[in-house]
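To start, the structure under review is shown below, and the notes come after it.
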């Protein structure tokens with residue numbers, strides 16, 4: 001990532017926090033902000049060599065809040081990595097390598113409760129609510145993502161889980177340039193599942209949370225079916241060491257991909273780029 005890109009994500013985060021303070025009142029039910037540090041290896045560089053044991057350091061800001069009208073989730077990553085990337089196509093002579101040792105990625109995901117909007121409680125059995133779901137994705141690593149997602153979200157009451165959410169999106173893919181002759185736009189379908197499960201071992205508290213994204217292929221964007229997931233397993237170190245619950249966590253994150261970014265290899269095969277990366281994690285909530 002170029003240094004002049006970093007303030008954009010931070011500026012959005014600052015604006016988000018300022019705006020919620022200005023309009024909160026009785027509309028804001030809860031909020032949580034956090035900073036994370038992650039360090040790991042085995043990240044897929046996606047440049048067709050066998051040397052894939054690449055380390056990566058990630059700094060992440062996250063915001064989540066619940067409102068009378070729905071909820072918001074936002075995060076911004078700043079990633080420092082050995083991240084040489086190959087782009088273009090051998091067939092027309094545009095193939096090249098870009099040296100990038102850092103990049104950014106962010107997502108902004110507001111959801112609007114249809115129960116609140118209609119004044120009718122849209123709940124039945126384990127279904128808690130139905131929501132209009134939106135996500136904006138932007139980054140300058142990988143395929144230089146800028147995507148718009150819109151669809152339907154469902155909140156579920158699952159015993160033992162702190163939360164369990166599913167979102168089904170229509171994805172508008174913009175500027176997908178990895179191994180393409182030109183900027184490739186198109187549409188796809190995505191299913192996102194997010195969940196959090198707390199548990200205890202003796203006097204120690206733990207939390208398992210994360211997401212799984214399944215995205216369909218897009219002929220126009222030149223992508224294939226992909227599955228991405230990040231799962232964190234965290235120990236509540238703040239409670240154990242300082243008597244402060246849900247503030248400081250230490251643990252690990254498993255970042256997995258099948259057909260990373262949906263990218264198709266330049267050799268025309270149906271092979272993709274798979275990844276299983278393990279990272280050390282420290283996360284502080286405020």
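Is it true that residue 210 is crowded, with 16+ Cβ neighbours inside 10 Å and within 17 Å of residue 259 (Cα to Cα)?
So residue 210 does not fit the description; no.
Before we move on, is residue 269 at pLDDT 95 or above and either outside any loop (DSSP other than H, G, I, E, B) or out of contact with any helix residue (DSSP H, G or I) (no Cβ under 9 Å at 6 or more places or on another chain) (or both)? Show your work before the answer.
Numbers: at pLDDT 95 or above: no; either outside any loop (DSSP other than H, G, I, E, B) or out of contact with any helix residue (DSSP H, G or I) (no Cβ under 9 Å at 6 or more places or on another chain) (or both): yes.
Taking the combined requirement at face value, the residue does not satisfy it.
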Members of segment 199-223 that are outside any strand (DSSP E or B), farther than 25 Å from residue 145 by Cα and in contact (Cβ under 8 Å) with a residue 12 or more places away in the chain: 203
Test for residue 179: is it modelled with pLDDT of 95 or more and either on the phi > 0 side of the Ramachandran plot or assigned to a strand (DSSP E or B) (or both): no
Tally, over segment 122-161, of residues that are assigned to a loop (DSSP other than H, G, I, E, B) and under 13 Å from residue 107 (Cα atoms): 2
Close pairs from segment 224-246: first on the phi > 0 side of the Ramachandran plot, partner at pLDDT 95 or above, Cβ under 7 Å, at least 6 apart: 246/236; 246/285
Qualifying residue in segment 98-105 (condition: modelled with pLDDT of 95 or more and either more than 24 Å from the chain's Cα centre (by Cα) or part of a loop (DSSP other than H, G, I, E, B) (or both)): no
Residue list for segment 143-167, restricted to those being within 14 Å of the chain's Cα centre (by Cα), at pLDDT below 95 and surrounded by fewer than 19 Cβ atoms within 10 Å (Cβ to Cβ): 146
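Going by what's in this entry, would residue 252 be described as in a strand (DSSP E or B) and at pLDDT 95 or above?
yes
The values are calculated or read from the model by the stated rules, or taken from the named source; none is laboratory data. Every value quoted in this text rests on a predicted model; they were computed, and no experiment measured them. Positions of Cβ are backbone-derived with ideal geometry, glycine not excepted, and every protein chain shown enters the neighbour counts.
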